Amino acid sequence: MGQKVNPTGFRTGVMEPWKSRWYAPKKEFRELLLEDFKVRQFMKKKYRAAAISKVEIERTRDEVKVILHSARPGVIIGRKGQEVDRLQDELQDLLGRRVNLKVEEISRPEIQAQLVAEDVADQLSKRAAFRRTLKRTIESTMDAGAKGVKIQLAGRLGGAEMSRCEKSIAGSMPLSTLRAKIDYGFCEAPTAQGHIGVQVWVNQGMYEENGDAADAQEGQAPKKPKRSYKR
């Protein structure tokens, strides 16, 4: 029986940093966690066109820092930064706290799993053939420099009476290797027959020997060399 593990959660705290970085006592933890969920849902619904791959949240005693990783930062920023100010005000009204907003551009959006999943979901919503969509998406992702990609669809594919799973893989996908940088994304495609779930795994290569990966290796106990005995 196969045990499925989310690749992001599997590497969080070892190779990947946490997406929400703050500390709170037990009484406030539930309320702050719900606020993080509201922020992510708000950004997902309102700025789908901005192609946001992930939202990072940092908290201090005075303010909430929201970092948006977007493939189209111009949609969020707007002319002369007017949209950013408006979005910052909306987030402050939503949370009731002071918000510091930061937008970062993604260098290679073609290998971001969440953006790939959203692209596949948009094509399926427009009644595109799912096999052709799978093949075309995998080819474009591999051409962009990915080491491997895996896409799995689940639902009433092609308007069939019974729901089923279809998956397609290209390249290498070492899910159990912690050093492998596996990005994971999920999205739902609303169709006339029902929702189709889209899961995407993208192998972006290996983690570099700096940052979190170096810290994780430094935390391990060094192996002592074997003694050589002379007779």
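The values are calculated or read from the model by the stated rules, or taken from the named source; none is laboratory data. Remember, predicted model here, so these are calculated numbers, not experimental data. We place every Cβ from the backbone using ideal geometry, glycine too, and count neighbours over all the protein chains shown.
Answer yes or no as to whether GLY74 is of a type in the set (Gly, Ala, Ser), modelled with pLDDT under 90 and within 30 Å of THR191 (Cα to Cα). Explain how you work it out, then say what you get.
Details: of a type in the set (Gly, Ala, Ser): yes; modelled with pLDDT under 90: yes; within 30 Å of THR191 (Cα to Cα): yes.
In short, yes.
Can you tell me how many residues in segment 147-162 are in a loop (DSSP other than H, G, I, E, B) and either surrounded by 14 or more Cβ atoms within 10 Å (Cβ to Cβ) or in the same structural domain as LYS54 (by TED's automatic domain parsing) (or both)? Break it down stepwise before answering.
Narrowing segment 147-162 to residues in a loop (DSSP other than H, G, I, E, B): 147, 156, 160-162.
Now narrow it down to the ones that are either surrounded by 14 or more Cβ atoms within 10 Å (Cβ to Cβ) or in the same structural domain as LYS54 (by TED's automatic domain parsing) (or both): 147, 156.
Of the residues in that region, 2 qualify.
Here are some residues: GLN112, GLN82, GLN92. Which one is of a type in the set (S, T, N, Q), buried (at least 17 other Cβ atoms within 10 Å of the Cβ) and either modelled with pLDDT of 85 or more or over 19 Å from ARG21 (Cα atoms) (or both)? Steps first, answer last, please.
Numbers: GLN82 fails: buried (at least 17 other Cβ atoms within 10 Å of the Cβ); GLN92 fails: buried (at least 17 other Cβ atoms within 10 Å of the Cβ).
GLN112 is the lone residue from the list that is of a type in the set (S, T, N, Q), buried (at least 17 other Cβ atoms within 10 Å of the Cβ) and either modelled with pLDDT of 85 or more or over 19 Å from ARG21 (Cα atoms) (or both).
Evaluate segment 20-38: report whether one residue or more is of a type in the set (Gly, Ala, Ser) and either at pLDDT below 90 or part of a helix (DSSP H, G or I) (or both).
Taking segment 20-38 as the starting set, the residues that turn out to be of a type in the set (Gly, Ala, Ser) are 20, 24.
Now restrict to residues that are either at pLDDT below 90 or part of a helix (DSSP H, G or I) (or both): none.
So far as segment 20-38 goes, no, none of its residues is of a type in the set (Gly, Ala, Ser) and either at pLDDT below 90 or part of a helix (DSSP H, G or I) (or both).
Does ALA117 satisfy being assigned to a helix (DSSP H, G or I) and not charged (D, E, K, R)?
Numbers: assigned to a helix (DSSP H, G or I): yes; not charged (D, E, K, R): yes.
Against the criterion (assigned to a helix (DSSP H, G or I) and not charged (D, E, K, R)), ALA117 qualifies.
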